Amino acid sequence: MTDQIYKVGMIGLGRKGHGHARGYEGNPRTEIVAGADPDADNRTLFLKRFPVTGYSDYHEMLQHEQIDIAAPILPVSPNPEVVIDCARAGVKAIYCEKPMASSLQESDQMVEETRSRGIYLASGDAYRNMPQHWKVRRLIDSGEMGEVQSINLYQSTNEISGGGCQGLSVMRLFAGDSDVDWVTGWCDTDPLSDDDQNMGGYVKFKNGIDAFVHNKPSAVRGIEVVCTEGIYRSSFDIGEVLLGGNQNALKVQEGFFDEFGSTDHWTSPSGTRQRGGIQAIVESLDQGIDPRCSGDNMGKVLEIAIGFRESHRRGFAPVKFPIEDRSLALYPKPGRLHNKKDVYGEEAYAEMIGQASDKPIGGAEV
């Protein structure tokens, strides 16, 4: 283990950028040293809250600052180019937001540009980062729950790539991150559209695990992992583990999640997705391991969503993976794809980002 403090450069100082910055500020192993945003209002507010050096151009920040972790927290449209620029600048790790790309081709390039340079790429303030899921994964790996047989993901959302990538990422975790063999699926609205929408379907993983994505609104939300000797059920915030070997003998394992404490977004030290994601990128740098929610994972999640749509387009036929046409894309909602200030207007955006701050004014403007 090491006590090295990793230096962070934020790119995109808007609403979500502030959230990530708070997470870095709360981790004793990370220090924000700079932030870049061409929007002067965003930059001014950020520097009041976080006393660091500010840049209007992220290229200048990458050139002048010694950065270990680049944190581009951006709309989806510019994200691939910025991530690739960060990789080529020689940072050690990149933690961007999700979805990280619109097309399979873009996500492929992002993964290749980082992987070929030995750079760790993480994507998303994601449920998959929450350490309680990884504790259950270790329990499964120990053999105590038996083998995973099937997974039910209960996910009603109008954006399977935008918000829905959260559940699909956790589904992949409990499928052992196996590659997909084939999928069938459907869209709620228009299968001929390239725009994000609600989708459901069936995923056959190459390791034999069956996964079902239920997309109708219901009283159930979250994931159910069915094993030969137990079940894990989770709403993503809270959950339960049942063991016993058969349905009549299954018993809840009391206290299994007690160590994770509060689910408060900012104060819980380990149980939240935000803190878990930042701790995961620190562990990647410390231990030479992939981030919990890697760019490779998010690329494969996007492929599942596109596979569902392609299945509907082909008369609900199975779609074999990997999908051959890498130009296929799924475009997120405008508020994710483009700058939120442009989409919602300055007044609405000002309310989103918040003007009040208890942070001291500071930071050198460059």
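For the residues Phe308, Phe321, Phe316, the requirement of being over 21 Å from the mean Cα position of the chain (by Cα), surrounded by 15 or more Cβ atoms within 10 Å (Cβ to Cβ) and not polar (S, T, N, Q) singles out Phe321.
Within the range 2-24, the set of residues being of a type in the set (D, E, K, R) and modelled with pLDDT of 95 or more comprises just one member, Lys7. Scanning the range 43-79 for residues that are among the basic types (Lys, Arg) and in contact with an Asp or Glu (Cβ under 9 Å, 6 or more places away or on another chain), we see that the one that is nearest to Ile94 (Cα to Cα) is Arg43.
Given the condition part of a loop (DSSP other than H, G, I, E, B), modelled with pLDDT of 95 or more and among the β-branched types (Val, Ile, Thr), answer yes or no: does some residue in the range 229-252 qualify? Scanning the range 229-252, I find no residue that is part of a loop (DSSP other than H, G, I, E, B), modelled with pLDDT of 95 or more and among the β-branched types (Val, Ile, Thr), so the answer is no. Figure legend. Inter-residue proximity from the range 100-126: first residues on the phi < 0 side of the Ramachandran plot and among the aromatic types (Phe, Trp, Tyr), second residues surrounded by 22 or more Cβ atoms within 10 Å (Cβ to Cβ) and part of a loop (DSSP other than H, G, I, E, B), beta-carbon distance below 6 Å, spacing 6+ or different chains. Indicated pairs: Tyr120/Pro291. Would you say Gln132 is closer than 30 Å to Asp258 by Cβ, modelled with pLDDT of 95 or more, polar (S, T, N, Q) and touching a helix residue (DSSP H, G or I) at 6+ places or on another chain (Cβ under 7 Å)? No, not satisfied.
Taking the criterion of being crowded, with 19+ Cβ neighbours inside 10 Å and not hydrophobic (A, V, I, L, M, F, W, C), the residues of the range 276-295 that qualify are Gly276, Gly277, Gln279, Ser284, Pro291, Arg292, Ser294, Gly295. Selection of first residues in the range 45-65 that are modelled with pLDDT under 95 and surrounded by fewer than 18 Cβ atoms within 10 Å (Cβ to Cβ) and of second residues that are β-branched (Val, Ile, Thr) and not in a helix (DSSP H, G or I), restricted to Cβ pairs under 7 Å at least 6 apart or on distinct chains, gives the following pairs, ordered by first then second residue: Lys48/Ile361. Might you check whether a residue that is surrounded by fewer than 24 Cβ atoms within 10 Å (Cβ to Cβ), among the aliphatic types (A, V, I, L, M) and touching a residue at least 40 places away in the same chain (Cβ under 8 Å) occurs anywhere in the range 3-20? The answer is no; no qualifying residue exists. The strands (runs of 3 or more DSSP E) found entirely in the range 132-209 that carry 1 or more residues being acidic (Asp, Glu) are 180-187.
The values are calculated or read from the model by the stated rules, or taken from the named source; none is laboratory data. The structure displayed is predicted, hence computed values, not measured ones. Counting neighbours? That spans all protein chains shown, and the Cβs are built from the backbone with ideal geometry, glycine included.
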